[in-house]
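K.L.:
Could you have a look at this structure, given as structure tokens, before my questions?
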Amino acid sequence: MPAYVEVIGNLLQNPEQRPVSVKGEDRLITELRVYSDVYKRDPDDESKMIQDDAKCDPYNVTIWNERLGTEIMKLLRKGARVRIAGEQTLQKWEDKETDMPRVALHIDADTCELRLNRIEEIRFRAKRVES
């Protein structure tokens, strides 16, 4: 049973879209790689925060909502700070080159929000005028 999780971190690469077929219906999914990072107080200097490597993990993220995926493709790129929320699962497979078992954390996200860290400017598009 998957758990509902919230992850905050940076995109490891630019988002990618690809078509998939689900029950004979074509869908366009958006895929992200997010590195979740957690910080703690530096034991040597309480005024500094340092990354807690034991609690940081990379996640494979799939966005099934095509409208959200389209906006992600327009607005996000590698390095963007995001908050992802959705169902987490553990993907398991066997590496074809090494025949070794592999695992990865995966999130089927229903929410992707841009965090304001690293944002230099925000511009809003003009309001649409109904005719």
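A short reminder: the numbers here are calculations on the coordinates, not readings from a lab. Just so you know, these numbers come straight off a predicted model, no measurement behind them. Ideal geometry is used to build each Cβ from the backbone, glycine not excepted, and the neighbour counts take in all protein chains shown.
K.L.:
Calculated from DSSP H runs of 4 or more alone, at -39500 (n - 2.57) each and per residue, what is the 222 nm mean residue ellipticity of the chain, nearest 500?
P.N.:
Computed mean residue ellipticity for the chain: -2000 deg cm²/dmol.
K.L.:
Which longest uninterrupted range of the chain lacks any chymotrypsin sites (Phe, Trp or Tyr not before Pro) assigned by DSSP to a loop state (not H, G, I, E or B) and surrounded by at most 16 other Cβ atoms within 10 Å?
P.N.:
With chymotrypsin sites (Phe, Trp or Tyr not before Pro) excluded where exposed in loops, the chain gives 1-63 as its longest stretch.
K.L.:
Can you list the HN-Hα couplings for the range 80-88, worked out from phi with the Karplus curve (6.51, -1.76, 1.60; θ = phi - 60°), rounded to whole Hz and with x for Gly and Pro?
P.N.:
Karplus values, whole Hz, x for Gly and Pro: 4, 8, 10, 10, 10, 9, x, 8, 9.
K.L.:
How high is the relative contact order of the chain, in percent, with contacts defined as C-alpha pairs under 8 Å that are six or more residues apart?
P.N.:
About 27 percent, as a whole number.
K.L.:
Now a separate question. For the range 47-103, just say rounded, prolate or oblate: build the C-alpha gyration tensor, square-root its eigenvalues into a ≥ b ≥ c, call rounded for a/c under 1.5, and beyond that prolate if a/b exceeds b/c, oblate if not.
P.N.:
In terms of gyration-tensor shape, oblate.
K.L.:
For Trp93, what is the net charge nearby, where nearby means another residue's Cβ is under 15 Å from its Cβ and Lys, Arg count +1, Asp, Glu -1?
P.N.:
Once positives and negatives cancel, what remains is -1.
K.L.:
So which GluC sites (Glu not before Pro) in the range 42-114 pass both tests, a DSSP loop state and at most 16 other Cβ atoms within 10 Å of the Cβ?
P.N.:
Answer by residue number: Glu97.
K.L.:
Once you place label points 7 Å from the Cα toward the Cβ at Arg67 and Arg18, how far apart are they in nm?
P.N.:
Result for the modelled spin labels: 2.6 nm.
K.L.:
Moving on. Check Ser36: other-chain or 5+ apart residues with amide H under 5 Å from its amide H, H built from backbone geometry?
P.N.:
For Ser36, the qualifying residues are Asp57, Tyr59.
K.L.:
Are there any trypsin sites (Lys or Arg not before Pro) in the range 38-131 that are in a DSSP loop and have at most 14 other Cβ atoms within 10 Å? List them by number.
P.N.:
Taking the range 38-131 and a limit of 14 other Cβ atoms within 10 Å, the loop trypsin sites (Lys or Arg not before Pro) found are Arg77, Lys78, Lys96, Arg115, Arg118, Arg123, Arg125, Lys127, Arg128.
K.L.:
Using the Cα centre of the chain as the reference point, and only Cβ charges (+1 on K/R, -1 on D/E), how large is the resulting charge dipole? Debye, rounded to the nearest 20.
P.N.:
Roughly 660 debye, rounded to the nearest 20.
K.L.:
Given all pairs of different Cα atoms, what value in angstroms does the Kirkwood hydrodynamic radius of the chain take?
P.N.:
About 17.0 Å for the chain.
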